Amino acid sequence: MTPPRARTWGRIGQTPVVRVRGQGSGRVSMAGMACFKPGRRSRLIYAIREYRGRKDEPKGFGWRDFRDLVVRARIQLGGPIVLVWDNVRLHLTAGMKAFIEANASWLTVFQLPAYAPALNPTEMACSQCRSCGIPSA
């Protein structure tokens, strides 16, 4: 982001120089689930992670964060979940596959084709955020 503009003064013939740090505020990542149930309102369950470049701070989501999001969605929705996932690398990790197999009684997963943003309602929500000026990572 650029700093806000303001008026300042300077000596005649000398242009005032305002120094600002060139670093941005960081990066924001979002993971979301669009939830649909017949006869009910749709829901967007999401998690946000902010990265500011600090030491030992994760840059984005890990498979455990996705697992926690699915568990929170199950608690909020109170029933079995059918996930329709794109092919993000973290969705396909060994830890996530083990979690899916361990919870097969209430969790069913379908993988989308390799590139299908039109079939992914969460991508549509992210594109709306981008069009409003909210950057995505």
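Order the following by accessible area, largest value first: Glu50, Glu57, Glu101. Probe radius 1.4 Å; ligands, DNA and RNA are ignored.
Glu101, Glu50, Glu57
Quick query: amide H of Val109 versus all other amide H atoms, modeled in the peptide plane; which residues come in under 5 Å with a sequence gap of 5 or more or a different chain?
Leu83
Grab every C-alpha pair in segment 27-97, bin the distances at 10 angstrom width from 0 up to the longest one, and report whole percents.
Per 10 Å bin, starting at zero, the Cα-Cα P(r) for segment 27-97 comes out as 17, 47, 28, 7, 1 percent.
Residues with amide H under 5 Å of Cys35's amide H, sequence separation 5 or more or different chain, H placed in the peptide plane at 1.01 Å from N; which?
Arg43, Leu44, Ile45
Once you put a point 7 Å from the Cα of Gln111 and another 7 Å from the Cα of Arg72, both along the Cβ direction, what distance in nm separates them?
For the pair Gln111/Arg72, the computed spacing is 2.7 nm.
Enumerate the calculated ³J(HN,Hα) couplings along segment 34-49 in order (Karplus 6.51 cos²θ - 1.76 cosθ + 1.60, θ = phi - 60°), each rounded to whole Hz, writing x wherever the residue is Gly or Pro.
With coefficients 6.51, -1.76 and 1.60, one gets 8, 10, 10, 9, x, x, 10, 6, 6, 9, 10, 9, 9, 9, 10, 10 Hz.
What is the extension gain from Val88 to Ile48, computed as 0.36 nm multiplied by their sequence separation minus the C-alpha to C-alpha distance, in nm to one decimal?
Once the chain is fully extended between Val88 and Ile48, it gains 12.7 nm.
Leaving out ligands, DNA and RNA, what percent of the accessible area of segment 33-116 is carbon and sulfur, probe 1.4 Å?
In segment 33-116, the share of accessible area belonging to carbon and sulfur is 53 percent.
Whole-Hz ³J(HN,Hα) for each residue in segment 60-67, computed from phi via Karplus 6.51 cos²θ - 1.76 cosθ + 1.60 with θ = phi - 60°, x for glycine and proline: what do you get?
x, 8, x, 5, 5, 5, 5, 4
Given a Förster distance of 25 Å, report the FRET efficiency between Lys37 and Ala118 from their Cβ-Cβ distance, rounded to the nearest 0.05.
Here the calculated transfer efficiency is 0.65.
Could you name the lysines whose alpha carbon sits less than 29 Å from that of Lys97, not counting residues in the same chain fewer than 8 places away?
Cross-link targets: Lys37, Lys59.
The values are calculated or read from the model by the stated rules, or taken from the named source; none is laboratory data. Because the structure is predicted, anything quoted here is derived from the model rather than measured. So basically every Cβ, Gly included, is an ideal-geometry build from the backbone, and we count neighbours across all protein chains shown. The accessibility values were calculated without ligands, DNA or RNA, using every heavy atom of the protein model including side chains. Shrake-Rupley method; radii C 1.70, N 1.55, O 1.52, S 1.80 Å.
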